[in-house]
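Some notes on the structure that comes next.
The values are calculated or read from the model by the stated rules, or taken from the named source; none is laboratory data. This structure is a prediction, so every number in the text was calculated from the model and none was measured. Don't worry about glycine lacking a Cβ; one is built from the backbone with ideal geometry, like all the others, and counts go over all protein chains shown. These accessible areas exclude ligands, DNA and RNA; they are computed on the full protein's heavy atoms, side chains included. Shrake-Rupley method; radii C 1.70, N 1.55, O 1.52, S 1.80 Å.
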Amino acid sequence: MGLLRRLFGRTAGRSFETVDVERAQELLRTGAVLVDVRTPQEYRTGHAPGARHIPLDALGTRRRELSPERPVVLVCRSGARSAAAARQLAEAGYDVASLRGGMQAWQRAGQRVVGRDGRPGSVA
């Protein structure tokens, strides 16, 4: 059973949790992978360090890049697209959470945002 399912009591991989920045950080420290589902332009402008980029419209064909054995925290700009991505991955059996407030909340919480080549970035 996956880490998030153990923590939140989910069954059959059909649901997901919406987490705040602090909880997302805890999950990342314990082995979850952060996946940014925004457009390439949004990602280039500013993303969380270490985030993998898989745009929402490509998630169906690229989800094989993610291990079903490793928890996934999904992020977008405000939380709507990451929730859609979380539903999609949860239905496929992945252990997932969506970051409430997205990259806007990440940045407001004082977390680093990087752009191209690791330079300081911003969330548009």
Next on the checklist: Considering only residues that are outside any helix (DSSP H, G or I) and open to solvent by 10 Å² or more (accessible area, probe 1.4 Å), which ones fall in segment 35-50?
Outcome noted: T39, H47, P49, G50
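Report yes if S98 is in contact with a helix residue (DSSP H, G or I) (Cβ under 9 Å, 6 or more places away or on another chain), assigned to a helix (DSSP H, G or I), polar (S, T, N, Q) and open to solvent by less than 10 Å² (accessible area, probe 1.4 Å), otherwise no. If you could, list the steps in order and put the result at the bottom.
Working: in contact with a helix residue (DSSP H, G or I) (Cβ under 9 Å, 6 or more places away or on another chain): yes; assigned to a helix (DSSP H, G or I): no; polar (S, T, N, Q): yes; open to solvent by less than 10 Å² (accessible area, probe 1.4 Å): yes.
Answer is no for this residue.
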Next on the checklist: For segment 16-30, give me each residue that is assigned to a helix (DSSP H, G or I) and free of Cβ contacts under 8 Å to residues at least 60 places away in the same chain.
Outcome noted: E26, L28, R29
Item to check | Selection status of D57, modelled with pLDDT under 95, surrounded by fewer than 15 Cβ atoms within 10 Å (Cβ to Cβ) and part of a helix (DSSP H, G or I) | outcome: no
Checklist entry - For segment 19-30, how many residues meet the condition of being surrounded by fewer than 16 Cβ atoms within 10 Å (Cβ to Cβ) and out of contact with any Leu (no Cβ under 7 Å at 6 or more places or on another chain)? => result 4
Checklist outcome for this item: Checked pairs for segment 40-63, first among the basic types (K, R), second in a helix (DSSP H, G or I) and open to solvent by less than 40 Å² (accessible area, probe 1.4 Å), C-beta under 7 Å and 6 or more apart or across chains, list as R63/L89
